[in-house]
Amino acid sequence: MEMFYYRLLQYLEELKYPKDLYAGRLWDSSRPGREVDHAQYMSYKLYPYRRLPPFIAAGASLISVEMIEKLTIIARFTKYLPFDDVFYGE
């Protein structure tokens, strides 16, 4: 685990500690779950498109405080989706 933290700090240093950091695994061609029993079910009424917008998976993301502040402002003007990572990708 110590190596993980070292590599993370090295990564941030390479990026020169950007203020608008939003990094992680990018999902750029996901489809919404259309089956009612699907864990991430999205009806056509809620989201009528065939593909989800590109998004960073919430389980493994790195976001700066400055970016969180910007996302909080943007969220007020974005159609709500029940999955936070997809919502912020939109």
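Before moving on, here are some points about what is shown:
- For Pro32, the test of being in contact with a helix residue (DSSP H, G or I) (Cβ under 7 Å, 6 or more places away or on another chain), modelled with pLDDT of 90 or more and not aliphatic (A, V, I, L, M) is failed.
- When Lys16 is tested against the conditions (1) on the phi > 0 side of the Ramachandran plot; (2) under 15 Å from the mean Cα position of the chain (by Cα), the lone failure is (2).
- The residues listed here are Leu52, Leu62; of these, the one that is in contact (Cβ under 8 Å) with a residue 40 or more places away in the chain and surrounded by 11 or more Cβ atoms within 10 Å (Cβ to Cβ) is Leu62.
- Selection count, region 50-90, where residues are assigned to a helix (DSSP H, G or I) and at pLDDT 85 or above: 11
- Qualifying positions in region 72-89 - touching a strand residue (DSSP E or B) at 6+ places or on another chain (Cβ under 9 Å) and surrounded by 15 or more Cβ atoms within 10 Å (Cβ to Cβ): Phe83, Asp85, Val86, Phe87, Tyr88, Gly89
- Residue check, Leu62 over 11 Å from the mean Cα position of the chain (by Cα) and either closer than 18 Å to Ala23 by Cβ or of a type in the set (A, V, I, L, M) (or both): no
- The residues of region 1-49 that are aromatic (Phe, Trp, Tyr) and either part of a loop (DSSP other than H, G, I, E, B) or surrounded by 15 or more Cβ atoms within 10 Å (Cβ to Cβ) (or both), listed by number, are Tyr17, Tyr22, Trp27, Tyr44, Tyr47, Tyr49.
The values are calculated or read from the model by the stated rules, or taken from the named source; none is laboratory data. Nothing here was measured: the structure is a model prediction, and the numbers come from that model. Positions of Cβ are backbone-derived with ideal geometry, glycine not excepted, and every protein chain shown enters the neighbour counts.
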